[in-house]
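Nothing in this text is a laboratory measurement; each read-out follows from the coordinates by a stated rule. These numbers were taken from a predicted model, which means no experiment stands behind them. Cβ atoms come from the backbone with ideal geometry, glycine included; neighbour counts cover every protein chain shown.
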Amino acid sequence: MISRSTGRKVLGALAAAALGLAAMSGQVQAQEVYTEQYIPTIWVDPDGCEHWVMDDGVEGYMTPHTTRQGIPVCRRGNVCGVVNTDQMFATDSARISSAGKARLMEFFKSTGATSYIITGHTDSRASDQYNMGLSLRRANSVAKVAQASGARIADVRGYGERMPKASNGTAGGMAKNRRVEIICIR
């Protein structure tokens with residue numbers, strides 16, 4: 001198996017040689033060959049396990065990050081914050097109130113987690129499709145505040161009404177279901 005840098009050099013040399021031969025035969029004018037240097041990144045899944053990402057996710061190429069013994073590298077993750085969305089958002093809105101932004105900024109600056117997974121949830125009053133979109137928009141609003149505070153976001157998800165904490169049969173239960181959960185990866 002050859003290394004990534006050696007592979008790039010070989011491919012670059014082959015491309016240059018092919019262009020050179022084509023230029024000598026008069027088919028193509030010689031051109032400069034540009035190669036892109038790619039730096040792999042790490043993606044953390046909702047369980048806190050790391051994956052090496054080799055292609056920015058374009059083709060979905062990831063490989064689990066493991067120790068030398070073959071054990072997956074997983075960070076401990078737990079729900080470290082649950083925010084009742086009624087306290088931050090107006091009905092049918094993903095815009096965070098100024099008081100809500102201030103509370104979130106303080107939260108993200110004080111928790112000290114390595115990264116965060118932010119999930120949005122709704123009650124069951126609208127259609128499933130609508131609730132999925134609303135929960136994702138609200139989770140993204142919280143993620144923007146987190147990024148503004150310097151926090152690293154591992155993932156943002158919207159679950160709509162699919163993961164209720166309480167019954168949607170009562171007003172109190174619906175209020176508990178309208179939430180944004182923040183999972184801390186330590």
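Just a few scattered comments:
- DSSP bridge analysis restricted to the range 117-186 gives an antiparallel fraction near 55%, rounded to the nearest 5.
- Couplings 3J(HN,Hα) of the range 170-186, computed from phi: 10, 5, x, x, 4, 4, 5, 7, 7, 8, 10, 9, 10, 9, 8, 9, 9 Hz, in residue order, whole Hz [Karplus 6.51 cos²θ - 1.76 cosθ + 1.60, θ = phi - 60°; x for Gly and Pro].
- For residue 115, distant residues with modelled amide H under 5 Å away: 185
- Cut-off under 5 Å, modelled amide H: who pairs with residue 94 long-range: none
- Share antiparallel - DSSP beta bridges, the range 53-186, percent rounded to 5: 75
- In order along the range 144-150, phi translates into HN-Hα couplings of 5, 5, 4, 5, 5, 8, x Hz, rounded to whole numbers, per the Karplus curve 6.51 cos²θ - 1.76 cosθ + 1.60 with θ = phi - 60° and x for Gly and Pro.
- Over the range 77-185, relative contact order from alpha-carbon pairs under 8 Å, at least 6 apart, %: 41
- Amide H to amide H, with H built 1.01 Å from N, residue 80 comes under 5 Å of 182, 183, 184, counting only residues 5 or more places away or on other chains.
- Here the Karplus relation 6.51 cos²θ - 1.76 cosθ + 1.60, evaluated at θ = phi - 60°, turns the backbone of the range 114-127 into coupling constants of 5, 7, 9, 10, 10, 10, x, 9, 9, 7, 9, 6, 10, 5 Hz, with x for every Gly and Pro.
- Among the trypsin sites (Lys or Arg not before Pro) within the range 135-177, those in coil by DSSP and having at most 13 neighbouring Cβ atoms inside 10 Å are 152, 162, 165.
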